[in-house]
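Inspection log for the structure reproduced underneath, given as structure tokens.
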Amino acid sequence: MDFKYYFRVRYGECDAQSVVFNARYADYVDITMTEFFRAFYGGFDNLLSQGYETQVVNLNISWQSSARFDDVIAASVSVKKVGNTSFTCAVNLVHHDSGRAIANAEITYVCVDATMFTKKAVPQCLRNGLLDHKQLPAINHAGEIEGV
């Protein structure tokens, strides 16, 4: 299942060189994953109501090029692996207008008990949702842009 999320770079996310500060890319991955989770599962609150939480246990980002103020970034998510207690997704960030690669990330979450924070098996309903290959609607938080 692939998911697309569009957002615009804000001025406060840029560094002295007028490019997105490197730490912001982790924020972009987190926001993209939050929107992905909302689109296919109803959000993290749905998981919490079932007695589960997720915790990020690994996040790797590889940069290809810079994003700048007011650029529109097209982020996509694909599920790489669903294990017993964890799942891993790939998040790719590209410049919406040119298709130029900006960054690729891989993020792994572990499922835990919402009270004790001990590892738990990925619940079957979440596993099914992650492995379902239906088309998800794109989320656009960038304002008016072509092609979305």
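The values are calculated or read from the model by the stated rules, or taken from the named source; none is laboratory data. Values in this document were obtained by computation on a predicted structure and should not be read as measured data. Positions of Cβ are generated from backbone atoms using ideal geometry, with glycine treated the same way; all protein chains shown enter the neighbour counts.
Quick rundown of the values:
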{"item": "Region 131-145 residues that are more than 23 Å from residue 88 (Cβ to Cβ), paired with ones that are of a type in the set (A, V, I, L, M, F, W, C) and part of a loop (DSSP other than H, G, I, E, B) (beta carbon under 8 Å, 6 or more apart)", "result": "140/148; 142/148"}
{"item": "Where residue 118 falls short, out of the listed (1) surrounded by 18 or more Cβ atoms within 10 Å (Cβ to Cβ); (2) free of Cβ contacts under 8 Å to residues at least 12 places away in the same chain", "result": "(1)"}
{"item": "Restricting region 21-52 to residues that are acidic (Asp, Glu) and at pLDDT 95 or above, the residue that is nearest to residue 140 (Cα to Cα)", "result": "35"}
{"item": "Residue count for region 124-148, restricted to those that are among the β-branched types (Val, Ile, Thr) and either over 16 Å from the mean Cα position of the chain (by Cα) or part of a loop (DSSP other than H, G, I, E, B) (or both)", "result": "2"}
{"item": "Residue check, residue 121 under 18 Å from residue 2 (Cβ atoms) and either in contact with a Leu (Cβ under 8 Å, 6 or more places away or on another chain) or not in a strand (DSSP E or B) (or both)", "result": "no"}
{"item": "Neighbours by Cβ (under 6 Å, 6+ apart or cross-chain): first from region 70-82, under 13 Å from residue 101 (Cα atoms); second assigned to a strand (DSSP E or B) and acidic (Asp, Glu)", "result": "76/2"}
